[in-house]
1. Considering the values [x] 21.5; [y] 17.2; [z] 16.5, which represents Kirkwood radius over Cα pairs in Å as calculated for the structure under consideration?
2. Only bridges whose two residues both fall in the chain count here: according to DSSP, what percent of them are antiparallel, nearest 5?
3. In debye, nearest 20, what is the charge dipole magnitude of region 1-46 about its Cα centre with +1 on Lys and Arg Cβ and -1 on Asp and Glu Cβ, if you could check?
4. On the accessible surface of the chain, probed at 1.4 Å, how many percent belong to carbon and sulfur atoms?
5. Do the sum for the chain: with -39,500 (n - 2.57) for every DSSP H run of n ≥ 4, divided by all residues, what is the mean residue ellipticity at 222 nm, to the nearest 500 deg cm²/dmol?
6. Kindly report the accessible area of the chain per residue (heavy atoms of protein chains, probe 1.4 Å, no ligands, DNA or RNA), in Å².
7. For the chain, compute the number of Lys pairs whose alpha carbons are separated by less than 18 Å, excluding pairs fewer than 8 positions apart on the same chain.
8. With unit charges on the beta carbon (Lys/Arg positive, Asp/Glu negative), name the residue among 118, 54, 85 whose Cα is farthest towards the positive pole of the charge dipole of the chain.
Amino acid sequence: MFIQTESTPNPATLKFLPGKEVLREGTADFRDADAAAEASPLAGRLFEIPGVTGVFFGYDFITVTKDGPDWQHLKPAILGAIMEHFMSGAPVMASAAPSGEAGQTGEFYDKADEELVLTIKELLDTRVRPAVAQDGGDITFRGFENGTVFLHMKGACAGCPSSTATLKHGIQNLLRHFVPEVEHVEQVA
């Protein structure tokens, strides 16, 4: 098994491409070892590596966030854990639903803005999310209120030094162009 790695705009996060489907649908974002071990055998195994502080699963990639040790010291252990997991045939998630998404479905917006929200979501899904996934992350709509769009950034995008620039210059300008009612874009946890 050959696993490719790619750097991301976030120097604390590295993207791993196992050449296999990781999650068929959705994404899963883990920031705590106990929750990871309960929800995913693979995420639990990755959190056992000293220095790993976050694991994110996309359709065909895994991003790992670290603190402390250099990638040259962590990368072999991460590659080994991913390889062992896929060779064992064990499932990526313990249950069918990605539990990293649990509790994050509460969207808020005025029903009068429903058509605007559908346009915003379509723009995010077709123009923003594919680009963000290339960098090892994901971005989801959380709400729209008084001209402000609220978005949640996950994976490599969470805590990335360039995420503010991505939000303010890239996404905000794109949404303003297509949806003049959008005045601001803000990140929410």
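1. Answer label, from the structure shown: [y].
2. So the antiparallel bridges in the chain amount to around 80 percent.
3. Dipole magnitude for region 1-46 comes out near 200 debye.
4. Whole-percent figure for carbon plus sulfur exposure: 51.
5. -8500 deg cm²/dmol
6. 50
7. The number of close lysine pairs in the chain is 9.
8. Positive-end residue among those listed: 85.
The values are calculated or read from the model by the stated rules, or taken from the named source; none is laboratory data. Owing to the predicted nature of the structure, the values given are computational and were not obtained by experimental measurement. Virtual Cβ from ideal backbone geometry, glycine too; neighbours counted across all protein chains shown. Keep in mind that these areas ignore ligands, DNA and RNA; they rest on the heavy atoms of the full protein, side chains included. Shrake-Rupley method; radii C 1.70, N 1.55, O 1.52, S 1.80 Å.
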